[in-house]
Every structure is written in C-alpha cells, then in structure tokens.
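Student: Mind looking over this structure? Questions follow.
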Ligand code: AMP
Ligand code: MG
C-alpha cells in the first residue's frame, strides 16, 4: 500500500502530454488547453481612446477650473467610438465632444467627463480641472504587440476567450482531447430511467462521464459489464483504442472482483493496487505504452474522491495543463473528528467564512455510498494518516473541490 502523494507521483509521471493539437473556434474553446504560447500581433486597445463620455481638452487649459470660476471652451467637433477627429491637432481654447472608446484627437491630453461640465450653444463650461492623461486609455494598455499574453498549457476560461478574441484570433490551437473509455462493472447494476425495481442504479458511469468532460477529456461510455471474467475482459478489449480507460467496481477482495487479474492478462503493467486513503483504498492504476488504466472502486463516493485525486490530474497533465492542483487551505473545525490511523481521510466538508476566517464542518455520515454528502459538500477535509483525533477549533487542511486548479 502506498501513500496518496506517491500514487499521484506515479500517475503523473505515467501520464504523457498529448503530442497532437487541433483547432477549435472561440465558441467551442471553453475548457480546452492552449497548445502554443499566444503572442499578440497587435496592440489592445489599438489606439489611445477615451475612458469616459466628455470633452477631449488640453489639460493646461482647465488648470484653474473650479465650480465658481469655470473655464469656457469652444466645441469644434464631436467624435464617437468608431469615428475619429479629422481636423488638425486640437488647439488651446477649444474642446471636442468625445464618447467612450472614441480615439483621442491629436493635441488633446485628457478628457473631462460630462458630469463636470455644462454645455450650451457649442460652448462648454468646465467646473473641474483634470490631471494629464486623465480618462485616456492608452494603445497597448491591455495587450502589447509582440508580448506573450497566454502561455501554452493555459486552460481557456471566459477571460482567456475574451483575450483571444481581442487579439483578433478565432481558430485556436489546443491540445487534442484524450479519449476516455468508461466501464461500469456489477451484476447488480441497471441504467437509470428503466423499469428497475430492486436493482442498484448505475450512477458512477454518469458521474465519470461528466467529470471527464469537465476536465477536458472526451468520454466514451462502454456500458455495464457483468461480473464475469470473460465479459470484463472483452469490454476492456473493446476499449483498447482509447487513451484512458476508467472502470468502476470489481477491484476489492470479493470473489467477483476481476479487474486486477483482467488487466494483468491483457498485458497492462499494474503500478498501483492500493492507496493509503479513505474512501478509495483499492485503486488500480496501470499502463500499456502511453495508455493509462484506472480501476476505481465501486462505491459512488470513492469514485468521486479517487477521480478528483488521481484521474483529474492525469487528464489535465495529458492535455498539457500546467495548473493541476486544487487549492488547499487551513480551516478551523467546528466539530470533533475521529478516525483510525493508517490512512489519509478525505472527509466531505462544508466550509464557511466568518469575520474573514475559514471554518469547516463535516457533511454528516461519511459512508462511501452516501452520494448526497458529495452534493452538499463544498470541500474535502484532509486528515493525515497518523492523526486519529481533531478537536474543535484545530486547523485542518481543506481541498476546495469546486475551485479551479491553481
Ligand atoms: P464493488 O467494488 O464492485 O464491490 O462495488 C462496491 C459497491 O459499489 C457495490 O456494492 C455497489 O453498491 C456500488 N456500486 C458499484 N458500481 C456502481 C455504479 N456503477 N453505480 C453506483 N454504485 C455502484
Ligand atoms: Mg462489483
């Protein structure tokens, strides 16, 4: 039996980064990972422009402007976003009405917002001074031409989609998604939504399918396979073209738990069989060339916890991500936690923030079949192997399951 850390190390070092890329358009790029550094070939914004609706002026003209002694300037033109001032450089004594986003006319060096002025008959009274460059957004202020704006391995979220669009890109080169085969094992299982009285309903396949999708894999569901050696073997054989195969169930010590033996017969190099963790002790991990195999336990909570700890980082690594860790913070427990020593426990927890401090309690009963505990939790409380008691107020590690990787 090995530690969680050792298991993760083995899994990461056996997860090879995809060599292939593909193109995707912006609308479909969410959640994908950039294959190359993105270097901007233009400035964003492209020109100096106004950050406010107001008047482009010469700052020195209104240096003495005050509520009681306004400065009067003659308005000679108006520019809106998308247009530009066509005259020569703005001269002292004049102003140009300007809208947010419109290019700053030559000669002007600040913008006084409408709110600080009064206009009548093409003359504007300015009641307040500006400082130089006030309310001007400079060309390249956000993105400078030639700069690396996003590194290869960056996961594309909404802000990245915005940046890629502003850099005038539409076809984005991303890592190819690994194909991930999903197998559910168990004679007791039936698919949801059918006439299933008395059967145990398969939830693992659907959880795994969505988790694989969430972390950038391409899930392929292989169905329920009965607990018999040949069927399990044939199901794995039918999935051998995938990059990752994940099964649930059939890895414990029961008479019908065939997964480790099947994997061995298929020539898969088993590198992990048990991990010092709860839930999820019996976890099989193996490799065959660049393909990786996960035999996860059957219990629904064990599946989710072991996916989060091991399969998620493997998929992220294979898709080139450089951020693969969920954040871990310290929180004070609001209840006594007891456990046996020997394994690292991942307890479903609910954290909250009070007066800027983090507190955490458990979701209640922690049986590995209690899937409601995953739904009501917002973190996993991680209690180390050697600890058997945590008192109220003691600090524990909490892994923020719903937060993006850092
Ligand atoms: P096993 O490791 O195959 O003995 O599975 C342990 C337990 O997990 C089973 O007794 C079932 O209650 C549950 N289980 C196994 N597979 C699934 C599944 N696909 N969906 C929901 N529960 C499952
Ligand atoms: Mg089973």
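The values are calculated or read from the model by the stated rules, or taken from the named source; none is laboratory data. Bear in mind the structure is a predicted one, so any value in this text is a computation, not a measurement. Quick reminder, even Gly has a Cβ in these numbers, built from the backbone with ideal geometry, and neighbours come from all protein chains shown.
Student: What's the total number of residues in the stretch 246-258 that are within 9 Å of ligand 2 (Cβ to nearest atom) and in contact with a strand residue (DSSP E or B) (Cβ under 8 Å, 6 or more places away or on another chain)?
Tutor: 4
Student: If I ask for residues that are over 18 Å from residue 123 (Cβ atoms) and surrounded by fewer than 13 Cβ atoms within 10 Å (Cβ to Cβ), which ones from the stretch 84-107 would you list?
Tutor: 86, 88, 89
Student: Applying the selection to the stretch 171-202, what residues are away from ligand 2 (no atom under 16 Å from the Cβ) and at pLDDT 95 or above?
Tutor: Residues satisfying the conditions are 171, 172, 173, 174, 175, 176, 177, 178, 179, 180, 181, 192.
Student: What number of residues within the stretch 210-230 satisfy the criterion of being out of contact with any helix residue (DSSP H, G or I) (no Cβ under 8 Å at 6 or more places or on another chain) and away from ligand 1 (no atom under 14 Å from the Cβ)?
Tutor: Of the residues in the stretch 210-230, 4 are out of contact with any helix residue (DSSP H, G or I) (no Cβ under 8 Å at 6 or more places or on another chain) and away from ligand 1 (no atom under 14 Å from the Cβ).
Student: Confirm whether residue 343 is modelled with pLDDT of 95 or more, touching a helix residue (DSSP H, G or I) at 6+ places or on another chain (Cβ under 8 Å), buried (at least 19 other Cβ atoms within 10 Å of the Cβ) and closer than 27 Å to residue 2 by Cα.
Tutor: Judged against the criteria, residue 343 is not a match.
Student: Here is a further query. Can you list residue pairs whose Cβ atoms sit under 7 Å apart, with the first residue in the stretch 241-254 being within 22 Å of residue 179 (Cα to Cα) and in contact (Cβ under 8 Å) with a residue 60 or more places away in the chain and the second being part of a strand (DSSP E or B) and within 8 Å of ligand 2 (Cβ to nearest atom)? Count only pairs 6 or more apart in sequence or on different chains.
Tutor: Note: pairs meeting the criteria are 247/185; 248/185; 249/185.
Student: Quick one: what pairs do we get from the stretch 367-378, first residue touching a residue at least 12 places away in the same chain (Cβ under 8 Å) and closer than 13 Å to residue 279 by Cα, second within 14 Å of ligand 1 (Cβ to nearest atom) and in a loop (DSSP other than H, G, I, E, B), C-beta under 6 Å, 6+ apart or different chains?
Tutor: 368/279; 368/299; 369/299
Student: Could you count how many residues in the stretch 15-32 are out of contact with any helix residue (DSSP H, G or I) (no Cβ under 8 Å at 6 or more places or on another chain) and touching a residue at least 40 places away in the same chain (Cβ under 8 Å)?
Tutor: Number of matching residues: 7.
Student: Could you tell me which residue of the stretch 209-233 is farthest from residue 153 (Cα to Cα), considering only residues that are more than 15 Å from ligand 2 (Cβ to nearest atom) and assigned to a helix (DSSP H, G or I)?
Tutor: Filtering first and then ranking leaves 230.
Student: Looking only at the stretch 169-179, decide whether some residue is surrounded by fewer than 20 Cβ atoms within 10 Å (Cβ to Cβ), in contact with a helix residue (DSSP H, G or I) (Cβ under 7 Å, 6 or more places away or on another chain) and touching a residue at least 40 places away in the same chain (Cβ under 8 Å).
Tutor: Yes, the stretch 169-179 contains a residue that is surrounded by fewer than 20 Cβ atoms within 10 Å (Cβ to Cβ), in contact with a helix residue (DSSP H, G or I) (Cβ under 7 Å, 6 or more places away or on another chain) and touching a residue at least 40 places away in the same chain (Cβ under 8 Å).
Student: Further question: At least 1 residues that are farther than 22 Å from residue 214 by Cβ and within 13 Å of ligand 1 (Cβ to nearest atom) in each: list the strands (runs of 3 or more DSSP E) lying fully within the stretch 237-337 that qualify.
Tutor: Per the criteria, 284-288.
Student: Can you find a residue that is near ligand 1 (Cβ under 10 Å from one of its atoms), crowded, with 20+ Cβ neighbours inside 10 Å and more than 28 Å from residue 342 (Cβ to Cβ) anywhere in the stretch 188-204?
Tutor: Yes, there is a match, as at least one residue in the stretch 188-204 is near ligand 1 (Cβ under 10 Å from one of its atoms), crowded, with 20+ Cβ neighbours inside 10 Å and more than 28 Å from residue 342 (Cβ to Cβ).
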